[in-house]
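Undergrad: Input: one structure, supplied below.
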Ligand SMILES: [Ca+2]
């Protein structure tokens, strides 16, 4: 019975096994191939999945393009009445986010650059007013964390290409010799251009660097690559023309003023193309020396704007920005590359506001003043961020932001936690990129600073200015005592109702004045405006006279 049962139930099964065994034996090579293919497909699939995960976690490339003395109204998408059609920069804005209320921490070059690189307000450094020259010693100590050193530590390739203007230490022929500050051609005779510089971009975290030391109208006219001058200057040049002027000074034979902006763009395109091939992400800080003086549109752009050489120069920069976008596309890295475009302060009077006004173009848009001023024209700048992976096309943010915010933004993007003495005045822009609804203003308040070191504080629609007049170069200048003495000591404006700062409300809103003044005092005294432990501001020789209002 048992056997019968076994036979009844087992025999067909046994037969099946024999058949399978027979088939397997007969078609063994086919099975082996099938098994191998299945394994290969699933292996490839899991590799693909791993790659997708790594792509998702891949940190973005970051390209920061800083124009020099480019006004809010010089970009047509920021100025509906603008007469300079910046097609390529407008396209960048339409593909990303446009900030309408962005401010540089200072109204002039050096201090704004300090704030961008360190995430700390410039006036906390030893430079309490004015700018450096092409000969000045390094402003940022190597001990300070910069955007570049932080990203480098996070595995980024880092590069600076362009105008430095933060000081570096030239090698000297005679260390004991005292010579001028760098405003005169003879001030450079003690520099040994055959030796490397120290305390420059490399020491502050830029693995690659190529640029010149001051503004393009400040000698010496020498390129320095990775800390080494590319050529010892063998001539002295000077340009006295209205727009294209530069100060007299030593010049290397590979330094052609007209070609400096094109050269920086070319080198940036090469850097982007090369680094796109590597596994590590990159950070490129491209600091243009333009449209600052010398205003040098190349031949193909001369006369193209129908305005003046400044307008032509703007069109040239715009065209190069188009090429930059194209280079990123061609390199296949567009989706996860952040491109930031902004300026280091408002437009300079060197652009000739009068001639531009006759042609209905105002580089300051509706805002009062220009470069160097505490008024909006001094420090409100166009600010554009494109990042296809994380920013929706055509986004607009009207939040008040500051150029010091790069540090915290990059820190959040790379999951780095800033410590107490890093980025003291930096707030991450990520929530604004994502258009996350905020339940309070993005920044509690933002501080502005003019060329003579005057302060202003902005909170919501209100702006309190701690000086009479412009604190800069527009009417009325700080040294115009005859007028300044007739004005109230401070100024209060409501920018929503009065964006052009024409109606000083200082006498009519004492409460607001007190509130803003005490907040400004707190930010200065605590050495920071972000919530963390208080820090010290850098000391100066003598008195910091611009903060006397705190006494
Ligand atoms: Ca500038």
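Undergrad: What is the spread of the Cα atoms of the stretch 342-499 along each of their three principal axes, largest first, in whole Å?
TA: 54, 40, 28
Undergrad: Hey, another quick one. Taking 0.36 nm per residue of separation and subtracting the Cα-Cα distance, what length does fully extending residue 509 through residue 183 add?
TA: Separation in residues times 0.36 nm, less the Cα-Cα distance, equals 113.0 nm.
Undergrad: Hey, another quick one. Once the piece of chain linking residue 486 and residue 540 is laid out straight, how much longer is it, given 0.36 nm per residue of separation minus the C-alpha distance between them?
TA: 16.3 nm
Undergrad: Please give the contour-minus-distance gain from residue 94 to residue 476: 0.36 nm per residue of separation, less the Cα-Cα distance, rounded to one decimal in nm.
TA: 133.8 nm
Undergrad: Sorted by average packing, counted as other Cβ atoms within 10 angstrom per residue and highest first, what order do 138-151, 358-371 take?
TA: Order by mean packing, descending: 358-371, 138-151.
Undergrad: If you don't mind, another one. Ranked highest first by the average count of other Cβ atoms within 10 Å around their residues, in what order do 174-187, 261-274, 83-96, 234-247 fall?
TA: My ranking of the peptides, most packed first, is 83-96, 261-274, 234-247, 174-187.
Undergrad: Averaged across orientations, what area in nm² does the convex hull of the alpha carbons in the chain project?
TA: Its Cα hull, projected and averaged over all orientations, spans 38.1 nm².
Undergrad: A further question on this structure: Which of 255, 283, 99 comes first, and how do the rest follow, when ranked by fewest Cβ neighbours within 10 Å?
TA: Final ranking by Cβ density, sparse to dense: 255, 99, 283.
Undergrad: Then there is this: First check a/c for the stretch 216-316, with a ≥ b ≥ c the square roots of the eigenvalues of its C-alpha gyration tensor; if it is under 1.5, answer rounded, and if not, answer prolate when a/b is larger than b/c or oblate otherwise.
TA: It is oblate, given that a/c is not under 1.5 and a/b is not larger than b/c.
Undergrad: Taking a ≥ b ≥ c as the square roots of the eigenvalues of the Cα gyration tensor of the stretch 108-203, is the shape rounded (a/c under 1.5), prolate (a/b larger than b/c) or oblate?
TA: It is oblate, given that a/c is not under 1.5 and a/b is not larger than b/c.
Undergrad: Summing -39500 (n - 2.57) over the DSSP H runs of n ≥ 4 in the chain and dividing by its residue number, what mean residue ellipticity at 222 nm do you reach, to the nearest 500 deg cm²/dmol?
TA: -9000 deg cm²/dmol
Undergrad: If I take every Cα pair under 8 Å that is 6 or more residues apart in the chain, average their sequence separation and divide by the length, what percent do I get for the relative contact order?
TA: RCO, the chain: 20 percent.
Undergrad: What FRET efficiency, computed as 1/(1 + (r/R0)^6) with R0 = 45 Å and r the Cβ-Cβ distance, is obtained for residue 525 and residue 434, rounded to the nearest 0.05?
TA: Once rounded, the FRET efficiency stands at 0.85.
Undergrad: Give me the orientation-averaged projected area of the Cα convex hull of the stretch 455-550, in nm², one decimal.
TA: Average projection, Cα convex hull of the stretch 455-550: 7.4 nm².
FYI, it's all coordinate maths here, none of it is from the lab. For clarity, every value in this text was computed on a predicted model and none was experimentally measured. Note that each Cβ is placed from the backbone with ideal geometry, even for glycine, and that neighbours are counted across all protein chains shown.
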